[in-house]
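K.L.:
The structure that follows is given in the form of structure tokens.
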Amino acid sequence: EGTQFKNTIYKAQGLTKIKVKIAGADAIYATNKNRVFATGNTIQTDFKPKGKPSKHHHQQKKLKAMITKERASRLEGSFGKEKEHYHLKKIKAKTKATEILWIFFGIHTANCLEIGRRMQQGSLGSVA
């Protein structure tokens with residue numbers, strides 16, 4: 001994981017052709033720059049709020065909890081094993097290129113092992 005919040009939002013909008021209105025992200029993404037970007041683009045986030053609570057903080061807290069729960073069940077559940085077992089929990093990269101390379105090889109290693117497991121179980125059929 002990197003700090004590519006803005007790029008990720010633009011890429012998601014480009015792929016889906018739908019404007020992002022809600023985004024869930026790890027705490028590392030809750031920088032001032034990303035907060036300003038999200039607010040300027042009317043994107044609701046689950047970032048921990050700064051400053052004194054607004055008059056709608058109870059509703060905001062419920063929304064943030066829903067965003068966090070949805071993100072955790074959809075995204076973190078599918079990547080949890082890969083992050084833990086393929087050394088993706090903490091990327092040891094100093095540049096964007098090496099960060100992408102670490103993620104690329106980690107995910108592909110996980111996919112190769114999953115294909116191997118399925119071949120061993122016979123669920124892929126014959127592979128030539």
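The values are calculated or read from the model by the stated rules, or taken from the named source; none is laboratory data. No experiment lies behind these values; they were computed from the predicted model shown. Glycine also receives a Cβ, built like all others from the backbone with ideal geometry; neighbour counts cover every protein chain displayed. All accessible areas refer to the heavy atoms of the entire protein, side chains included, with ligands and DNA or RNA removed. Shrake-Rupley method; radii C 1.70, N 1.55, O 1.52, S 1.80 Å.
K.L.:
Taking 30 Å as the cut-off for C-alpha to C-alpha distance, list the pairs among Lys52/Lys96; Lys11/Lys94; Lys6/Lys62; Lys11/Lys48; Lys11/Lys62; Lys6/Lys55 that go past it.
P.N.:
Violating the 30 Å Cα-Cα cut-off are Lys52/Lys96.
K.L.:
Could I ask something else about it? Could you work out Rg/(2.2 N^0.38 Å) for the stretch 1-72, with Rg from alpha carbons only?
P.N.:
1.10
K.L.:
Right, here's the next one. For a quick protection proxy, order the peptides 11-22, 108-119, 35-46 by their average other-Cβ count within 10 Å, most packed first.
P.N.:
35-46, 108-119, 11-22
K.L.:
Taking amide hydrogens as modeled 1.01 Å from N in the peptide plane, which residues meet the under 5 Å criterion relative to Val20, leaving out close sequence neighbours?
P.N.:
The answer is none.
K.L.:
Could you order Phe47, Phe105 by accessible surface area, starting with the largest, using a probe radius of 1.4 Å?
P.N.:
Ranked from most to least accessible, the order is Phe105, Phe47.
K.L.:
Output wanted: per-residue J couplings in Hz (rounded whole) for the stretch 36-47, from phi through Karplus 6.51 cos²θ - 1.76 cosθ + 1.60, θ = phi - 60°, x for Gly and Pro.
P.N.:
5, 4, 5, 5, x, 9, 6, 9, 6, 10, 9, 4
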